[in-house]
Amino acid sequence: MHLAFLHAFPLDHSMWDEQRAIAPGRCTTPCLYQLGDSLENWASRVLDSIETHSLIAIGSSMGGSCALEMARQAPDRIAALVLVGTKAGHRPEPAARDAYLDTLHHQGIRGMWPEISDWLGAAAQPEVVQRIESLALSQKTTDLINAVRVFHSRTDNTAVVAQWEKPLLVMCGDHDPVITEEKAMALSHLAPQAELHVMRGCGHFMNLERPDEFNQVLADFVRRVEAGRSAGA
């Protein structure tokens with residue numbers, strides 16, 4: 001079974017470097033920014049790039065929205081979902097969108113860094129903070145502007161989760177101000193086979209803040225999904 005890792009804003013595919021060993025040779029880690037100007041385009045391009053029929057879509061934040069869109073477009077191909085610091089619902093927030101776009105236009109991602117740094121848990125190690133900052137600052141401003149527009153024009157996928165009858169893992173950090181533990185719990189309660197894992201002391205980028213725990217939880221979930229598929233074959 002193939003694993004598709006979908007990155008968060010304002011990072012890129014390299015945020016998943018420590019997770020590729022979970023399924024060597026069976027991972028796709030696309031950079032989403034160049035895949036089009038809508039979440040629908042991103043999802044379809046990722047799906048088209050993977051030859052394996054059955055896959056697990058693993059998305060962090062913005063990438064989680066892409067994973068949900070992949071599940072909406074090709075539910076027969078998605079064997080399981082992993083939503084990391086993700087929300088399914090969406091209501092337009094034009095003021096927030098325009099504020100982000102204005103900051104990016106005039107200051108680049110450096111102007112957003114004070115807010116983004118607050119998304120990390122208080123216990124995040126300095127080298128982790130430095131790595132996340134470096135990844136964010138290495139992105140092209142035009143790509144991030146496109147990502148803000150794509151993310152803020154996405155479809156509400158609450159119904160996708162509510163109708164999802166396959167395995168679903170929801171992960172959150174209890175220090176995440178973006179997707180709180182309460183929001184993650186509410187998301188997990190929507191789907192009949194959903195399970196919730198809360199990473200204590202973590203913020204929004206939990207796979208980077210505590211990769212060992214994240215990898216253990218994810219690898220165990222993948223093993224159970226694959227065992228279930230084998231048993232049902």
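Observations on the model:
- Every pair of residues 6+ apart whose Cβ atoms lie under 6 Å, when the first sits in region 46-67 and is in contact (Cβ under 8 Å) with a residue 24 or more places away in the chain while the second is among the charged types (D, E, K, R) and outside any helix (DSSP H, G or I): His53/Arg77; Ser65/Arg154
- Only one entry in Glu209, Glu213, Glu226, Glu115 is acidic (Asp, Glu) and open to solvent by 60 Å² or more (accessible area, probe 1.4 Å), namely Glu115.
- Number of the exception - Ala95 against (1) touching a residue at least 12 places away in the same chain (Cβ under 8 Å); (2) within 21 Å of Lys183 (Cβ to Cβ); (3) not hydroxyl-bearing (Ser, Thr, Tyr): (1)
- The selection criterion, being of a type in the set (D, E, K, R), open to solvent by less than 60 Å² (accessible area, probe 1.4 Å), in contact (Cβ under 8 Å) with a residue 40 or more places away in the chain and under 24 Å from Lys140 (Cα atoms), does not hold for Asp37.
- Residues in region 142-155 that are open to solvent by 40 Å² or more (accessible area, probe 1.4 Å) and either outside any helix (DSSP H, G or I) or touching a residue at least 60 places away in the same chain (Cβ under 8 Å) (or both): Arg149, Phe151, Ser153, Thr155.
The values are calculated or read from the model by the stated rules, or taken from the named source; none is laboratory data. Please read these numbers as outputs of a predicted model, since none were measured by experiment. With ideal geometry, Cβ positions are generated from the backbone for all residues, glycine too; neighbour counts draw on all protein chains shown. These accessible areas exclude ligands, DNA and RNA; they are computed on the full protein's heavy atoms, side chains included. Shrake-Rupley method; radii C 1.70, N 1.55, O 1.52, S 1.80 Å.
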